[in-house]
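Just so you know, all these numbers are worked out from the coordinates, no wet-lab data involved. Predicted model only: the values in this text are computed from it and were never measured. FYI the Cβ positions are ideal-geometry reconstructions off the backbone, even for glycines, and counts take in every protein chain you see.
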Amino acid sequence: MRQHEIDGGARKAVFSPVDNRARVDAVVRRIGDAIELGLLADGEQLPGETELAGQLGVSTVTLREALMALRQQGLVTTRRGRGGGSFVSLPEVPADDRLKARLRGWSTDELRDLGDHWAALSGAAARLAADRTEPEELDPLRRTTEDLAQAVDAGARSRLYGRFHVELAAAAQSARLTREQVALQSEVGALLCLVLADDAYREEVAERHRAVISAVQDGAHESAGTLAERCVRDATARLVAVRLSL
């Protein structure tokens, strides 16, 4: 598998056909999650309506309704005339009080259950990537990890943390795992701002991600899976601790 195929694996999952049920909501969630994760860059132009509707397997009417909803959420802007179209608009970093209010909506049991699901996904992705991916094809994961190590604000750190796990699933060459990771990040991704604001933890996470990459590169699938699971479980445990303090 070529490097550009790994690099584009996560983005391809963004523009694959959505589920038949509640298609407008599915399109809004798919594109919105990708923007929140930084898979689609701030200011990036989306494909034209006809092309994008075809990629997502929906009608242009459905797509237009979804784009309207995304505009209302401040995630997409539309420009008219020559050079116009729909463009990504990266949202502001949520305030701590807003994030804490959102976290209060989760019980500790629900957070632990989510963590179990997330760990299973990332562990499986790491094991498959170790079996399927060539060492030179791990550059997207390396870039994301180094970007995380240098990121200053908590919002950027949380997006890069989530992107790492999406790209890990893409490296596993599993479209389904990649879509699952994108969907999961919409539930938990922004909440990680509450734990990644700590510089020492940011550095610890970067080291954990480097260890996962190293194990994947060495083809050590069991070690890669275990390391990825531990990374997720630790993040979840920190979120649970914050929840208990509220």
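Taking the longest Cα principal axis of the chain as reference, the axis of helix 199-217 is set at about 90 degrees. When the chain is treated as a GNM with alpha-carbon contacts under 10 Å, the residue of SER158, SER214, SER107 showing the greatest mean-square fluctuation is SER107. Using R0 = 41 Å, the C-beta based FRET efficiency linking GLU207 and ASP25 works out to 0.60.
Would you mind getting the Kirkwood hydrodynamic radius of the chain from its Cα pairs, rounded to one decimal in Å? Let's see the in-between values first.
Working: mean 1/r = 0.0543 Å⁻¹.
Answer for the chain: a Kirkwood hydrodynamic radius of 18.4 Å.
Between GLN150 and SER214, the FRET efficiency from the beta-carbon distance, with R0 = 22 Å, is close to 0.70. Remark: spin-label model distance ARG143-LEU246 equals 3.5 nm, labels positioned 7 Å along the Cα→Cβ axis. The string of couplings for segment 138-143 from the Karplus curve (6.51, -1.76, 1.60, θ = phi - 60°) is 9, 4, x, 5, 5, 5 Hz, one whole number per residue in order, with x for Gly and Pro.
In plain terms, the chain from ALA101 to ASP131 could stretch by 6.7 nm, reckoned as 0.36 nm per residue minus the Cα-Cα distance.
What does the helix-only formula give at 222 nm for the chain: each DSSP H stretch with n ≥ 4 adding -39500 (n - 2.57), the total divided by the residues, and the result rounded to the nearest 500 deg cm²/dmol?
Numbers: 13 runs with 173 residues, N = 246.
Calculated from helices alone, the mean residue ellipticity at 222 nm is -22500 deg cm²/dmol.
For segment 134-246, what are the per-bin percents of Cα-Cα distances with bins 10 Å wide, up to the bin holding the maximum? Calculated P(r), rounded to whole percents: 14, 48, 32, 5, 0.
Once both labels are positioned 7 Å from their Cα atoms along Cα-to-Cβ, the gap between ARG112 and SER89 label points is 4.2 nm. Which of rounded, prolate or oblate describes segment 73-191 when judged by the alpha-carbon gyration tensor and an a/c cut-off of 1.5? Cα axes put segment 73-191 in the oblate bin.
Calculated on the Cα set of segment 117-172, radius of gyration then Dmax: 11.7, 35 Å.
Let me test this: with uniform point scatterers at the alpha carbons of segment 55-126, what is the Debye-based log₁₀ I(q)/I(0) at q = 0.22, 0.25 1/Å? Evaluating at q = 0.22, 0.25 Å⁻¹ gives log10 I(q)/I(0) of -0.97, -1.02.
Relative to the present Cα-Cα distance, how much length would full extension add between ARG71 and THR226 at 0.36 nm per residue of separation?
51.8 nm
Using every pair of separate Cα atoms, the Kirkwood estimate puts the hydrodynamic radius of segment 187-246 at 12.4 angstrom.
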